Amino acid sequence: MMENTIWRWWPVGTLAAGLVVLGLLVTALRLLASPLRSRRRWGFASLATLSAAVLVGHLSLTRLLRPEDFSGYTTPDASRSDGWTALFPPWTDCPIRPAAAASQINSLELVIGVELDGDARAYPVNMLNERAERKALNDVLGGQAIAVTF
Amino acid sequence: VYARQTEEQELTLGVAGSVFHGSMVLYDRETKSFWTQGDGKAVEGPLAGRLLHPIPSVLTDWQTWLRHHPSSTVALRAYANRGMTREVYEFMGLGSFVLGVSEGNFAKAWGFGELAKNGAIQDEWLGAPVLVVFDKGSWTARLYERPRTADPLTFHIVEGRLVDEQTGSMWQPLTGRAEAGPLAGQRLKPLPAVTSYRSAWYELHPDSN
């Protein structure tokens, strides 16, 4: 439970929920005590609705989502003693194709080109830029292990 | 682009998910050290202070790369976003981009505006003579070592072609290969300079020229 950064904040959430419940109780009591046609009644009512919404939101987050739901975002082999855990595993499995089979790349799209030991390979910038976890690619070119980043 | 092999081990790099001085932060799976992407420097963890060895690369457009490397392969996984094209240079203006090179505490950058005007600039980097060349057709900049015969070669753009003064050989600006003249077949050694946003470069290298 504790290895996940999202899950580690659960005490704060619980405390907030407690405050909300307390607020709801006070509001309900004052609502009962106030005269029926008072303007303040509507103020209390909207406050109560808001509190209820926050409470329901908090409960659904903490009760319906289990730590397993976040497991896709953690790599158990990449955490440090200071509690930091990688959100994204390293990207190591990008398919390599001959240039002729890459008709989907537009002619003016930017690419990073690398030439090592006679081997030339292009890395489309838009592919590296599309998702945070794909901004660094681990590859091997001309027998050399390289990281292509954008 | 960096080499992942260090003296002790091969590293596998992932995105750590934060930004430090305008540069993306990477981590390595093996030691969980943090690295800044812009300069390849470990800023935290067991490898703190280490530098990744940079590999020369070129930022250009797909058709230009293909023209000069027809037998190239491409790392390709489906993607939808098509925003980064050569047109960003026109859209943002040449002044927003630099070609920069750095090593440890040293950094040097050349603005695209100046490069577009001159085409070929003779300069020095870490005491060695270098050539900065800009291909106006594809808006591509590269940095090469200038080979020495007796003195280092000096290059000019003559009628849109890169020519050295000493031998009159004709060089291809993007690959650094001599295509005609006495030095035909020779190649200039590329240096690991990167095309970067001007603002990002100076945030990471405030002491750069």
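The values are calculated or read from the model by the stated rules, or taken from the named source; none is laboratory data. Being a predicted model, the structure only gives us computed values, none of them experimental. Neighbour counts are summed over all protein chains in view; Cβ atoms, including those assigned to glycine, are modelled from backbone coordinates with ideal geometry. For the accessible areas, the whole protein counts, side chains as well, though only heavy atoms, and no ligand, DNA or RNA atoms are used. Shrake-Rupley method; radii C 1.70, N 1.55, O 1.52, S 1.80 Å.
I need a count of the residues in segment B:11-44 that are open to solvent by 30 Å² or more (accessible area, probe 1.4 Å), in a loop (DSSP other than H, G, I, E, B) and facing chain A (nearest Cβ under 10 Å).
Here the count works out to 4.
Restricting to segment B:47-65, what's the tally of residues that are facing another protein chain (nearest Cβ under 7 Å) and surrounded by 20 or more Cβ atoms within 10 Å (Cβ to Cβ)?
Number of matching residues: 8.
How about segment A:116-150: which of its residues are open to solvent by 30 Å² or more (accessible area, probe 1.4 Å), over 18 Å from residue B:69 (Cβ atoms), of a type outside the set (A, V, I, L, M) and facing chain B (nearest Cβ under 7 Å)?
Within segment A:116-150, A:129, A:130, A:133, A:135 meet the criteria.
Of everything in segment A:88-100 that's within 22 Å of the chain's Cα centre (by Cα) and open to solvent by less than 70 Å² (accessible area, probe 1.4 Å), which residue is nearest to the other protein chains (Cβ to nearest Cβ)?
A:90
Given (1) outside any strand (DSSP E or B); (2) open to solvent by 10 Å² or more (accessible area, probe 1.4 Å); (3) without any contact (Cβ under 8 Å) to a residue 60 or more places away in the chain, identify the lone condition not met by residue B:137.
(3)
What pairs come out if I take residues in segment B:68-90 that are within 7 Å of chain A (Cβ to nearest Cβ) and pair them with residues that are of a type in the set (Ser, Thr, Tyr) and buried (at least 17 other Cβ atoms within 10 Å of the Cβ) whose C-beta lies under 6 Å away, six or more apart or interchain?
Final answer for the pair search is B:75/A:123.
Identify the residue in segment B:1-10 that is without any contact (Cβ under 8 Å) to a residue 24 or more places away in the chain and part of a loop (DSSP other than H, G, I, E, B) and, among all such residues, is nearest to the other protein chains (Cβ to nearest Cβ).
B:9
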